[in-house]
Amino acid sequence: MASSPVSASALSMPADWRDFLALTKPGVMRLVVFTGLCGMLAAPVQTHPVLAFTAILCIAMGAGGAAALNQWYEADLDAKMKRTRERPLPGGRMERQSALHFGVGLSVASVVLMYFAINLLSAAILTASILYYVVIYTVWLKRRTPQNIVIGGAAGAFPPLIGWAAATGQVSLLPVLLFALVFLWTPPHFWALALFVKSDYANAGVPMLPVVAGERTTRTQIGLYTLPMIAAAIAPWALGLTGAIYGVASILLNLVFGALALAVTFRRTGTDDAMKPEKRLFAWSIVYLFLIFGALVADRWLA
């Protein structure tokens, strides 16, 4: 039986450590690890440094394993998109089975280590986050509905819950609000990206909102989701769960986010539009999440 082109290429150019690292989506993992760490540091108890490192390692491994499984399942879609076609699988540098084994191994190891080294609750939430991203978002939602980002956004919202549960062994209102913040942040963040890479998704047949509902609807949805996101971001201070450092920072950061989101919401594009406001919103949304979670930790440790 003749080998497929990808298999033949993979055999002639075997994957190295950089390809396995790329499978974990390091750029996305940084944000996941950071929000998980902030959830732990914001907890009302201090965690032993060795246990804290272990918990964060488990979050990173789980996120990396889920990302590898996502790329294993979506290799055909990635090959059709300009921004993803050079990933290890569509780029022909790795066999799909290697990605599958790597993803499963990392995911299982992260949960087992979290359970034995930390506690059952954090291991259970970590398991839920991996399964949600791989099964609910990747397998079920992404190819079927333009609401894939809305429902699937929960997958990236779990890390603060995991970090808090690792430190305290329980879940309370503050980490739930942090979950809600990331969940509501995901649609305006990702739809800003989808607006300027719409052709990529259209070519791959992925039903992202700009492809199936058009730009006008997408822009309106960005504005609508920004409002409850801002409410969720300010709620910890308004409810007395955080102090003034977080309160002032959240108000200022959300004023900037709101202004950028409004610019995108009410904008109409022209021919050969460079999509600069959309790119600014996407870039700021990443900085925003780092800063607001950083403010949460500063409030906990400095106030």
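The values are calculated or read from the model by the stated rules, or taken from the named source; none is laboratory data. Since the structure is predicted, the reported quantities are computational estimates derived from the model, not experimental observations. Glycine gets a Cβ as well: all are built from the backbone with ideal geometry, and neighbour counts include every protein chain shown. When the accessible area is computed, the model is the full protein with side chains, heavy atoms only, and any ligands, DNA or RNA have been set aside. Shrake-Rupley method; radii C 1.70, N 1.55, O 1.52, S 1.80 Å.
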- Item | Shape call, the range 100-147: gyration tensor on alpha carbons, a/c limit 1.5 | oblate
- According to the square roots a ≥ b ≥ c of the eigenvalues of the Cα gyration tensor, what is the shape class of the range 200-303, taking rounded for a/c under 1.5, prolate for a/b larger than b/c otherwise, and oblate for the remainder? prolate
- Message: Once you compute Rg and the Kirkwood Rh from C-alpha atoms, what is the Rg to Rh ratio for the range 1-154?
- Response: 1.02
- Query: Using heavy-atom solvent-accessible surface (probe 1.4 Å) with all chains present, what is the largest-first order of 271, 35?
  - Reply: 271, 35
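Can you figure out the FRET efficiency of residue 170 with residue 262, using R₀ = 25 Å and their beta-carbon distance, to the nearest 0.05? Don't skip to the end; give the middle numbers.
Numbers: r = 38 Å, r/R0 = 1.54.
So, using R0 = 25 Å, E works out to roughly 0.05.
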- Item | Simple spin-label estimate for residue 231 and residue 151 in nanometres, 7 Å along Cα-Cβ | 2.3 nm
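Take the Cβ-Cβ distance between residue 51 and residue 131 as r, set R0 to 30 Å, and report the resulting FRET efficiency rounded to the nearest 0.05.
The computed FRET efficiency comes out at 0.80.
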- Item | Order of exposure, largest accessible area first, which applies to 129, 199, 172 with probe 1.4 Å | 199, 172, 129
- Query: Among rounded, prolate and oblate, which fits the chain when a ≥ b ≥ c are the square roots of the eigenvalues of its C-alpha gyration tensor, a/c under 1.5 means rounded, and a/b larger than b/c means prolate?
  - Reply: oblate
- What longest region of the chain stays clear of trypsin sites (Lys or Arg not before Pro) that DSSP places outside H, G, I, E and B and that have at most 11 other Cβ atoms within 10 Å? 145-267
- Query: Could you give the accessible area per residue of the chain, probe 1.4 Å, as a whole number in Å²?
  - Reply: 45 Å²
- Task: Give me the net charge of residue 42's neighbourhood, meaning all other residues with Cβ under 14 Å from the Cβ of residue 42; Lys, Arg count +1, Asp, Glu -1.
- Result: 0
- What FRET efficiency would be calculated for the residue pair residue 255, residue 140, taking the C-beta separation as r and a Förster radius of 41 Å, to the nearest 0.05? 0.65
- Item | Neighbourhood charge, 15 Å Cβ-Cβ cut-off, centred on residue 241 and excluding it, Lys, Arg +1 and Asp, Glu -1 | 0
- Positive-end extreme of charge dipole, the range 23-166 - chosen from 77, 44, 110 (charges on Cβ): 77
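Placing +1 at every Lys and Arg Cβ and -1 at every Asp and Glu Cβ, with all other atoms neutral, what dipole size does the range 170-303 have around its Cα centre, in debye to the nearest 20?
Details: 9 positive and 6 negative charges, 33 e Å.
I would put it at about 160 debye.
Report, in order of residue number, the helices in the chain meeting two criteria: a C-alpha extent of 24 Å or more along the helix axis, and a mean Kyte-Doolittle hydropathy of at least 1.6; treat each whole DSSP H run as one helix.
173-196, 244-265
Report the local net charge at residue 21: Lys and Arg +1, Asp and Glu -1, summed over other residues whose C-beta lies under 15 Å from its C-beta.
That works out to +2.
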- How far is the Cα center of the range 235-271 from the Cα center of the range 125-179, in Å? 22 Å
